[in-house]
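J.: Could you have a look at this structure, given as structure tokens, before my questions?
Throughout, read-outs are computed from the coordinates displayed, never taken from laboratory work. Bear in mind that the values here come from a model prediction, so they are computed numbers and not experimental data.
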Amino acid sequence: MLKNPNYKVIRRMAWRNLKANGRKTITLFLAVLLSSFLIFTIFTVGNSYFKLQKLQNIRMSGADFDAIMYGVTEEQRQICENAPEIILTGTIGICGWVEKTEKDSTPNVGLVWADDGVGERKAGRKISESFQ
């Protein structure tokens, strides 16, 4: 390709175009700046919202669990109970769920059985003490 020495001419034309359409150029620059700021703000607020929602769900459960394991075998349960870094273990069994009621067809409620270890972690006392 042949070298074309028109760099200075193109630069001068671009600068004159920017000066002639100054208001349009500033408006376009501000639109890009504000839309970038808006996108950044939306993602920041959304990320914070989901983190706080997760923390709120943990606190509404009444405890701050580090892990919940499903389908644990007896051998795995014994390993967890004997591990010194695990403070407390408990067993929760899902007994069933509510499909619908007279007033609500989508209650999204589960029926859960829990042993004394889970109650001690959540309420500070054993579940069996609550019914005596």
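J.: Is segment 18-71 best put as rounded, prolate or oblate by its Cα gyration tensor, with a ≥ b ≥ c the root eigenvalues, rounded for a/c under 1.5, and otherwise prolate when a/b is larger than b/c, oblate when not?
T.: Prolate, because a/c is 1.5 or more and a/b exceeds b/c.
J.: So, one more: Short version: ³J(HN,Hα) in whole Hz for each residue of segment 13-30, in order, from phi by Karplus 6.51 cos²θ - 1.76 cosθ + 1.60 (θ = phi - 60°), x for Gly and Pro, what are they?
T.: The phi angles translate into 5, 5, 5, 5, 5, 5, 5, 5, 10, x, 5, 5, 5, 5, 4, 5, 4, 5 Hz.
J.: What percent of all Cα-Cα pairs in segment 13-112 falls in each 10 Å bin, counting up from 0?
T.: Each 10 Å bin holds this share of Cα pairs: 11, 18, 20, 16, 11, 9, 9, 5.
J.: For A114, what residues show an amide H to amide H distance below 5 Å, using hydrogens built from the backbone and excluding near sequence neighbours?
T.: The answer is G93.
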